[in-house]
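Everything on this sheet refers to the single structure shown next.
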Amino acid sequence: MRIKHILLAAITIAAVTLTSCHSSKQGSVVKNNHTQAVSRSTEVPSVASALLDTRQEWTDVQLPVSIKLSQPASVSLNATAYMRRGEYIKFSVRMLGFEVATAWIDTDSVHAIDKVGKRYVSESISRVTTELGLDIADVQDILFGRVFRVAGAEVAASDFKVEATEYENMLLLRPDPQPEILEYGFVVSADETPLLNYLLVDSGRFNAVAQYSGQETTASGTVARRVSVSSTEPRKIAADLTWNLSSAKWNRDDRQKWQAPGKGYTKISLSSLLAILKKL
């Protein structure tokens, strides 16, 4: 990895994580007149219930992840993710055994640190979480390819309306009622064992979609091995995250803490960093 890309690596991780909870114009495509309501009495139990049966509760996890960014710049990196359910997401990037960058996301803030260039970004995300109604548990579900209701609400099969789509063997599950501030839904296969294929969200201001593949059974239930995130608004971002699920360490009561950088670090704004990235 080039030295100039180390901070970008940390920001990439944070940006991809936050983009996951932004919105998608593709959601309105799925909901157009190519869809039709499906009987709640037949499809909901067989699709939503089967999908929810694959969920398992978890408290914490540590696992490797490979990240490939194609927009706004081309970067590939390996990191270790640390998550505590509903509290935080931390990523650590190492080179030659040394930690060179970190990213930390919780319900209030996102921080990214370049330990080589001694630069960091620290931004509040309360506006995003307030506008979209998402909490950190929702973001974790987004990254793992799990259905959810905003603000960490309990999920039941009766919470969903099911619609057919123009695509064979694909159904759209939409939580009902929808939040006032956004619409979102899950495109799932209508197989005997349904799998989540896409997350579509539309808040009007943001524009993104998450695609899932390679689902595996873990201690947390079914988790997507790969998530592809793309966004065109408010900024163009495209990235793939591939989890190494076979090396995941679940429920060990691990607790990470955010540590602010010490003296000698320069704080730069996210907008300034994005301007730099456009020139790379």
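For this structure, a couple of remarks:
- For Asp176, Asp106, Asp138, the ranking by accessible surface with the largest value first comes to Asp176, Asp106, Asp138, using a 1.4 Å probe.
- Couplings for region 89-95, taken from phi via the Karplus curve 6.51 cos²θ - 1.76 cosθ + 1.60 with θ = phi - 60°, read 10, 10, 10, 10, 9, 10, 9 Hz in order; Gly and Pro are left as x.
- Ranking by accessible area, most exposed first, for Glu183, Glu99 with a 1.4 Å probe: Glu183, Glu99
- Taking each of Lys118/Lys249; Lys118/Lys267; Lys68/Lys267; Lys115/Lys263; Lys236/Lys267 in turn, the alpha-carbon distance tops 19 angstrom for Lys118/Lys249; Lys68/Lys267; Lys236/Lys267.
- In sequence order, calculated HN-Hα J values of region 216-224 (Karplus, 6.51, -1.76, 1.60; Hz; x Gly/Pro): 10, 8, 10, 5, 9, x, 6, 10, 6
- Each residue of region 154-169 was assigned a 3J(HN,Hα) from its phi angle through the Karplus curve 6.51 cos²θ - 1.76 cosθ + 1.60 (θ = phi - 60°); the sequence is 4, 10, 9, 4, 6, 7, 10, 9, 10, 10, 6, 10, 6, 9, 4, 6 Hz, with glycine and proline shown as x.
- Gained length - Thr107 relative to Asp253, 0.36 nm times residue gap less alpha-carbon distance: 50.6 nm
- Amide H within-cut-off set for Arg85, under 5 Å, with H built and near neighbours excluded: Asp60
- Met95 - accessible surface, heavy atoms, 1.4 Å probe, Å² rounded to 10: 50 Å²
- Gain on full stretching of the segment that runs from Asn244 to Glu216 - 0.36 nm per residue minus C-alpha separation: 9.0 nm
- Across Tyr184, Tyr82, the residue with the most accessible area heads the list, and the full order at a 1.4 Å probe is Tyr82, Tyr184.
The values are calculated or read from the model by the stated rules, or taken from the named source; none is laboratory data. All values derive from a computational prediction rather than experimental measurement. Accessible surface areas use protein heavy atoms only, side chains included; no ligands, DNA or RNA. Shrake-Rupley method; radii C 1.70, N 1.55, O 1.52, S 1.80 Å.
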